[in-house]
1. Above 12 angstrom, tally the Cα pairs of segment 235-287 and express them as a % of all pairs, no decimals.
2. Order these peptides, 208-218, 58-68, by their mean beta-carbon neighbour count within 10 angstrom, highest first.
3. So how do 105-111, 394-400, 338-344 stack up, highest first, on mean other-Cβ count within 10 Å?
4. Can you give the direction-averaged projected area of the convex hull of the alpha-carbon atoms in segment 217-334, in nm²?
5. Would you mind estimating how fast segment 258-411 diffuses translationally, via Stokes-Einstein at 37 °C and 0.692 mPa s with the Kirkwood radius over Cα pairs, in µm²/s?
6. Ranked highest first by the average count of other Cβ atoms within 10 Å around their residues, in what order do 372-380, 301-309, 135-143 fall?
Amino acid sequence: MKKITLFIIVLLSILVFNPTELMADAANIIHAPGGNVKVMNSEFIKMKNEQIYITICEDKCKYRVEYTFVNTGDEQTVLMGFPNSKRIRGRQAETVFGINDFLAFEGTSKLEVFRKDEENQDDNFVKSLYECFEVHFKKGETKHITNTYSQEYVNPYRDNFEVTYILTTGASWKGTIDTISVFIDSEIPKNQLIPRTAYFHEIYEENGEMKLETTTRYFGLSISPGNYIIEQGIYKMVFTDIEPDFDIVIGKPELFVGVSASSELEDKNSRYSIKNIIDERPETAWVEGKNDSGINEFITIGMSEHIESDRVEDDYIYGSYKIEKIGIINGYAKDENTYKENNRVKELLLKCNNEFSETHFRLYTLKDTMAMQYIEFDKPIFMDRIKFTIRDVYKGSKWDDTCISEIRIFPY
């Protein structure tokens with residue numbers, strides 16, 4: 001897969017408005033072969049401040065970028081443009097990709113956005129275009145411009161999924177930028193992005209002997225540059241009086257665990273989904289869907305990673321993790337009444353699988369409490385899949401439905 005550098009800096013282009021010409025900030029559209037943004041600096045418009053809000057989601061990142069611009073010249077109408085791309089051949093011809101849902105605002109007023117193709121492009125599979133809008137400045141006027149958009153991840157190395165926010169183009173505006181502030185948060189539960197080491201076991205033959213080789217790889221959320229602070233789960237960076245010569249790169253790993261269940265209680269709003277056990281919200285719960293107490297209903301959690309084999313082309317090696325303990329919030333822990341009205345798990349059969357270690361079976365008795373409780377192992381166990389089977393329950397006072405609010409996996 002070709003590496004696609006995603007362009008997530010807004011307002012790259014400024015010029016005195018001329019409908020036949022587009023002047024842009026400095027950047028290369030690496031994902032469009034032969035296509036480059038025209039390198040022409042704005043003579044009169046200064047970017048004073050830039051506030052970047054990035055939200056990490058499972059399949060994309062969402063952005064809100066707030067700019068303060070100052071016109072140091074005479075009254076003028078400028079055209080601002082953000083580079084995007086489109087396919088022009090094949091089954092998805094004329095499909096725009098790169099950034100999606102692009103909107104522009106002046107203060108609280110929505111601006112009209114239109115597309116303009118980059119001129120004088122070669123006949124390539126990918127074409128460059130601009131998401132454009134006009135802004136009128138009076139002499140010396142300050143304007144507050146906001147752009148919002150989303151962008152899907154790319155997976156250039158079949159490892160972390162990446163997005164790159166191009167800050168280096170900011171060096172081409174008039175003068176230095178007084179302040180650039182970056183705020184990065186996540187809609188993905190933190191337990192899905194925790195740092196962890198995966199173990200990959202490969203059996204191969206060498207000189208007539210079968211050998212086992214174990215390699216490791218680290219997974220976890222990465223943010224570059226690393227000079228950020230974390231406050232209440234939000235990554236923050238501030239740069240002052242700067243002509244940026246670096247970009248912001250966010251690497252999102254595959255989610256730590258995937259979940260499934262033998263059944264779940266039907267509800268038009270999916271209130272009792274199996275996904276509730278990994279959402280870090282004890283007020284939500286998985287509820288089994290059988291017309292009884294749910295004995296022998298089960299949850300499966302998968303944690304398998306994969307990498308390409310160095311020995312066999314197009315072959316993958318599947319890895320696992322060392323797990324030292326499992327945390328469980330039993331029952332429907334929304335509140336004490338809801339907890340008591342529904343069944344809670346009393347006995348839970350745990351089955352842990354891994355191709356290169358013995359299967360671990362054990363029956364555990366859970367406490368009847370809303371607090372998180374832990375299943376701890378004498379030593380970390382290799383696992384790529386865990387099955388939790390209900391064997392007995394504490395009966396609810398009102399409903400014969402068995403619930404679990406959270407399951408947390410703790411890698412070694």
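Just so it is clear, none of the values below were taken in a lab; they were calculated from the coordinates. Because the structure is predicted, anything quoted here is derived from the model rather than measured. Don't worry about glycine lacking a Cβ; one is built from the backbone with ideal geometry, like all the others, and counts go over all protein chains shown.
1. Details: 1054 of 1378 pairs.
Summing the P(r) of segment 235-287 above 12 Å gives 76 percent of all pairs.
2. Details: 208-218: 9.9, 58-68: 17.5.
Ranked by mean Cβ neighbours within 10 Å, highest first: 58-68, 208-218.
3. On the way: 105-111: 11.7, 394-400: 14.1, 338-344: 20.7.
Highest mean packing first, the order is 338-344, 394-400, 105-111.
4. Projected area, direction-averaged: 13.3 nm².
5. 203
6. Packing order, densest peptide first, comes out as 301-309, 135-143, 372-380.
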